[in-house]
Every structure is written in structure tokens, then in C-alpha cells.
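Student: Can you read through this structure? Questions will come right after.
The values are calculated or read from the model by the stated rules, or taken from the named source; none is laboratory data. It should be emphasised that the depicted structure is a prediction, and the values quoted were computed from it without experimental measurement. Because the Cβ atoms are built from the backbone with ideal geometry, glycine has one as well, and the counts that use them run over all protein chains shown. Side chains included, ligands, DNA and RNA excluded: accessible areas come from the protein's heavy atoms. Shrake-Rupley method; radii C 1.70, N 1.55, O 1.52, S 1.80 Å.
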Amino acid sequence: MTKWNALQKERTTEASLLADLFQEADAIVVGIGAGMSAADGFTYIGSRFEDAFPDFIEKYQFLDMLQASLFHFPSWEEYWAFQSRFIALNYLDQPVGQSYVELLEMLKTKPYHIITTNADNAFWVAGYDKEKVYHIQGEYGLFQCSQHCHPKTYQDDALVRKMIAEQKDMKVPYELIPFCPECGAPLEINKRNAEKGMVESADFFEQKARYDAFLEEHKNDKVLFLEIGVGFTTPQFIKTPFQKCVQANPNALFVSMNHKHYRIPLALREQTVQLSENIASLIHGTYQELKGE
Ligand SMILES: [Zn+2]
Ligand SMILES: [Zn+2]
């Protein structure tokens, strides 16, 4: 038997259900994946990719920006020629996403915390509170030692701009390559990688501590665990931990926003809702419902 009144009403739209769940929750934990940024147009395929990297696509026949961003370029000059343009597109010059803005408005009336596998700039450019977002996979605007020799990250937007302005034939001048102040290895983007992991800085551990404290504070409350646009490639970061939290707290509810339905473990079915409407229109509809009430 569900503890959520919102689930006992007849519904005509997913937005009205989600709006009622927001109102009924004591606290909301939001897990955000690539599908949310894609819903706001920040896609890794098509013209957004092709217009920014025609030269790299011609040379390496890249199929999409994810593949390109993970490619082992033959030199650091080429690595940074690609990555500087990638950082500008997905971080420095990323426009405000409407779904991010509306979600923030929706969350403002409740205690909330966010965990994301996205490394783009969508949260900061939409005005989110730095204390409430945990970037578990790093951020494109930050650098780390490519040897992971020490737990610190760096940011140098002016250098990125310079690399874009001064690159020629898909190479930045050697003297623009940033090097590790500790070991002298080249710096790379602060991003988790399947083989090497990621440099986790003091700031990263502060983000993690704030997130863990929020979960602990609300561990027995009526918590809405809302997963938005989270795929299946890395379930260890959001999906599996969310499902564990919900299983441990009979008052919690797991709500997933995704085009695709997937199998939910039997033990969790009573505490799971799957919403399949388009993410941007569902957020917009829910935002309107909450605003109207
Ligand atoms: Zn180093
Ligand atoms: Zn809207």
C-alpha cells in the first residue's frame, strides 16, 4: 500500500501527478543525466556537433561528440585544439536551458539536493546554488593532472579562449598546453574515465559530504527520488544508489523520467513511478501546474 496520496488519485496527465508528488514530498533528491541536457537542445549529435567540429569529423570520421571527446588524440596539441572548442560549446558559452530554469523554480519550495553525471555548465548558467549540486563525474571547465598525481583541479577560461583563437590545422601552439605544477605532465579535462577514474579534489569531497548529509538528514522522511534523463550506461552513480535509498526507506518514492521504461526490481515496484513523456514538456507542464496552484 503506497504512502503517497498523490498516487491514489485518477490522473489524466503525468504533469499533474508529478506536481502533486512535489507538493506532498518532505524533501526531493534529483538525479540528472544526459537526457535532461539533451531535452534542452544540448545534444551530442547532428548540427550542434557538425557545425563545431567539421575538420575533426573529416579527419577522424567521428559519429558523435561523445565518441570524439573520449578519443585518444595523437598529440596534446590536438587534444587541446579539440577540447578547447568542446569546453566553449558545452561549458563557457552554453546557453541557459529552459528545463533547468523551470526545474529550479519547482524545487525552490522544498528542501532539495541534486546529483548529476553531467559535466556541462547547465546548472551554473541557470543560476543553481553551488551548495546543492554534486557533480559526480567532474566538470568540463576544470582541468586535472593527466597522471592524476595530486588531488587538485584547475580552471583557466582565458587559456581556453586563447587555445581556440590560436589553433591552426587542429593543433594549439605547444606553449599553450597546460602542465601539472607538481609532476610536469600535461593537464587534461577533469572528467571520469572508465580506466583511470578521475581526480577528486577537496571541493569534490565537499560536494559529496553535503549530498551525503542531505540524504542522512532525510533518511526517514517522505523523500521523492526523482531521476531525470538517466541512461543505462553508468547505473552505479544515480540509479542503483537511488533504488537502494528507496528500498531502505518505506516513505520514499522513486520516480524516473525517461522515454524508455525498464525493468524495476520486484521489491521496488510499489515505490516506483515511471514517467515517459518528453522531458522538456513534462517539466514545463509540471512547472505550470505548480505555478497555477
Ligand atoms: Zn601531476
Ligand atoms: Zn517551459
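Student: If you take the residues of the range 94-126 that are β-branched (Val, Ile, Thr) and at pLDDT 95 or above, which of them is farthest from ligand 1 (Cβ to nearest atom)? Steps first, please.
Tutor: Step one: filter the range 94-126 for residues β-branched (Val, Ile, Thr), giving 96, 101, 109, 114-117, 125.
Then drop every residue that is not at pLDDT 95 or above, which leaves 96, 101, 114-117, 125.
Details: 96: 35, 101: 38, 114: 30, 115: 28, 116: 27, 117: 25, 125: 30 Å.
Among residues in the range 94-126 that are β-branched (Val, Ile, Thr) and at pLDDT 95 or above, the one farthest from ligand 1 (Cβ to nearest atom) is 101.
Student: So, one more: Does residue 183 qualify as being out of contact with any strand residue (DSSP E or B) (no Cβ under 9 Å at 6 or more places or on another chain), within 16 Å of ligand 1 (Cβ to nearest atom) and open to solvent by 60 Å² or more (accessible area, probe 1.4 Å)? Please lay out each step first, then the result.
Tutor: Numbers: out of contact with any strand residue (DSSP E or B) (no Cβ under 9 Å at 6 or more places or on another chain): no; within 16 Å of ligand 1 (Cβ to nearest atom): yes; open to solvent by 60 Å² or more (accessible area, probe 1.4 Å): yes.
In short, no.
Student: Is it the case that the range 251-259 has a residue that's more than 16 Å from ligand 1 (Cβ to nearest atom), more than 20 Å from the chain's Cα centre (by Cα) and open to solvent by 20 Å² or more (accessible area, probe 1.4 Å)? Don't jump to the end; show me each part of the working.
Tutor: Our first condition is that a residue be more than 16 Å from ligand 1 (Cβ to nearest atom); within the range 251-259, this holds for 251-259.
Remaining after also requiring more than 20 Å from the chain's Cα centre (by Cα): 251-253.
Next, from what is left, pick out any that are open to solvent by 20 Å² or more (accessible area, probe 1.4 Å): 251.
Yes, the range 251-259 has at least one match.
Student: For the structure I just gave you, tell me whether residue 244 is surrounded by fewer than 17 Cβ atoms within 10 Å (Cβ to Cβ), in the same structural domain as residue 133 (by TED's automatic domain parsing), away from ligand 2 (no atom under 16 Å from the Cβ) and in a helix (DSSP H, G or I). Working first, answer last.
Tutor: Numbers: surrounded by fewer than 17 Cβ atoms within 10 Å (Cβ to Cβ): yes; in the same structural domain as residue 133 (by TED's automatic domain parsing): yes; away from ligand 2 (no atom under 16 Å from the Cβ): yes; in a helix (DSSP H, G or I): yes.
Yes.
Student: Follow-up. So which residues in the range 125-151 are crowded, with 17+ Cβ neighbours inside 10 Å and part of a helix (DSSP H, G or I)?
Tutor: 125, 132
Student: With respect to residue 166, is the statement that it is open to solvent by 10 Å² or more (accessible area, probe 1.4 Å), more than 13 Å from the chain's Cα centre (by Cα), away from ligand 1 (no atom under 16 Å from the Cβ) and more than 17 Å from residue 80 (Cβ to Cβ) true?
Tutor: On the way: open to solvent by 10 Å² or more (accessible area, probe 1.4 Å): yes; more than 13 Å from the chain's Cα centre (by Cα): yes; away from ligand 1 (no atom under 16 Å from the Cβ): yes; more than 17 Å from residue 80 (Cβ to Cβ): no.
In short, no.
Student: Out of 39, 19, 25, report the one residue that is out of contact with any strand residue (DSSP E or B) (no Cβ under 9 Å at 6 or more places or on another chain) and either in contact (Cβ under 8 Å) with a residue 40 or more places away in the chain or open to solvent by less than 10 Å² (accessible area, probe 1.4 Å) (or both). Spell out the reasoning first.
Tutor: Numbers: 39 fails: out of contact with any strand residue (DSSP E or B) (no Cβ under 9 Å at 6 or more places or on another chain); 25 fails: out of contact with any strand residue (DSSP E or B) (no Cβ under 9 Å at 6 or more places or on another chain).
Exactly one of 39, 19, 25 is out of contact with any strand residue (DSSP E or B) (no Cβ under 9 Å at 6 or more places or on another chain) and either in contact (Cβ under 8 Å) with a residue 40 or more places away in the chain or open to solvent by less than 10 Å² (accessible area, probe 1.4 Å) (or both), namely 19.
Student: Can I ask one more? Hey, does the range 90-97 have a residue that's open to solvent by 10 Å² or more (accessible area, probe 1.4 Å), within 16 Å of ligand 2 (Cβ to nearest atom), of a type outside the set (Gly, Ala, Ser) and assigned to a loop (DSSP other than H, G, I, E, B)?
Tutor: yes
Student: Yes or no: the range 218-228 includes at least one residue that is buried (at least 20 other Cβ atoms within 10 Å of the Cβ) and within 16 Å of ligand 2 (Cβ to nearest atom). Can you show your working first?
Tutor: Keep residues of the range 218-228 that are buried (at least 20 other Cβ atoms within 10 Å of the Cβ), which gives 218, 223-228.
Now narrow it down to the ones that are within 16 Å of ligand 2 (Cβ to nearest atom): 228.
The answer is yes, given that some residue of the range 218-228 is buried (at least 20 other Cβ atoms within 10 Å of the Cβ) and within 16 Å of ligand 2 (Cβ to nearest atom).
Student: If you take the residues in the range 112-167 that are under 22 Å from residue 214 (Cα atoms) and free of Cβ contacts under 8 Å to residues at least 24 places away in the same chain, which one is farthest from ligand 2 (Cβ to nearest atom)?
Tutor: This residue is 130.
Student: Among the residues of the range 280-290, is any in a helix (DSSP H, G or I), β-branched (Val, Ile, Thr) and outside the structural domain of residue 163 (by TED's automatic domain parsing)? Explain how you work it out, then say what you get.
Tutor: Our first condition is that a residue be in a helix (DSSP H, G or I); within the range 280-290, this holds for 280-290.
Those left that are additionally β-branched (Val, Ile, Thr): 283, 286.
Restricting the remaining residues to those that are outside the structural domain of residue 163 (by TED's automatic domain parsing) gives 283, 286.
Yes.
Student: Which of the residues spanning the range 169-180 are assigned to a loop (DSSP other than H, G, I, E, B) and either open to solvent by 70 Å² or more (accessible area, probe 1.4 Å) or within 16 Å of ligand 1 (Cβ to nearest atom) (or both)?
Tutor: Narrowing the range 169-180 to residues assigned to a loop (DSSP other than H, G, I, E, B): 169-170, 172-173, 177-178, 180.
The answer is 169, 177, 178, 180.
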